[in-house]
Amino acid sequence: KRGSGDLDGENYDEVRYEGYGLAGTAIMVDTLTDNRNRTVADVRHAFTKHGGNLGTDGSVAYLFNKQGFISFASGDEDQIMEAALDAGAEDVISNEDGSIDVITTPEDFFTVKDALSDVGLEASHAEVTMEPATRVELNLGDAEKFMKLIDRLEDLDDTQEVYHNADISDEVMAQL
């Protein structure tokens, strides 16, 4: 029945794949799939073709922390800090380019985002993401191969999000 289209509605599963890229970089791929066998084959092929290894469940997850991330392109740092910390944010970071990042727990993300919005502060970017606990710096050669792997993983039909702990300097990125 499945192949004939007689079934009502599809069953989609959220599946996370973990693996290693070049130079010991950790990669997590979140997928939404109706066919786990196809998806694992696609992910494994991407890793293998571009110098990585698909790992087992939990092989790299411990290298990441789930956190809320709310970014403002610019703004009144004191106002953002006061509103964010009052609403339960963990940290507020001022960046060299004038942007301001607010870090939250996943549980407090919407509370903090709404509190900032309520006082007229609109974020340029907001998401719950997997932040690497440590980073691996890549040189130009490794970065080039690594980005091919990341691009391939992101291009897979079932991929929702790709997280990694590679640290590629602005100078190296400019050469890619």
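The values are calculated or read from the model by the stated rules, or taken from the named source; none is laboratory data. In this text, all values refer to a predicted model and were calculated from it rather than measured experimentally. So basically every Cβ, Gly included, is an ideal-geometry build from the backbone, and we count neighbours across all protein chains shown.
The table below gives the values:
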{"quantity": "Count - residues of the stretch 102-136 that are within 21 Å of the chain's Cα centre (by Cα) and either closer than 24 Å to residue 60 by Cβ or hydrophobic (A, V, I, L, M, F, W, C) (or both)", "calculated": "21"}
{"quantity": "Which numbered condition residue 110 misses (of (1) assigned to a helix (DSSP H, G or I); (2) buried (at least 16 other Cβ atoms within 10 Å of the Cβ); (3) at pLDDT 95 or above)", "calculated": "(2)"}
{"quantity": "Check on residue 24, touching a Leu at 6+ places or on another chain (Cβ under 8 Å) and assigned by TED's automatic domain parsing to the domain that holds residue 140", "calculated": "no"}
{"quantity": "Whichever residue in the stretch 58-83 is in contact with a strand residue (DSSP E or B) (Cβ under 7 Å, 6 or more places away or on another chain) and charged (D, E, K, R) and, among such residues, is farthest from residue 25 (Cα to Cα)", "calculated": "77"}
{"quantity": "Among (1) touching a strand residue (DSSP E or B) at 6+ places or on another chain (Cβ under 8 Å); (2) more than 28 Å from residue 143 (Cβ to Cβ) - the single one residue 35 does not satisfy", "calculated": "(1)"}
{"quantity": "Filtered residues of the stretch 110-129 (kept if more than 18 Å from residue 99 (Cα to Cα) and of a type outside the set (A, V, I, L, M))", "calculated": "110, 111, 114, 118, 129"}
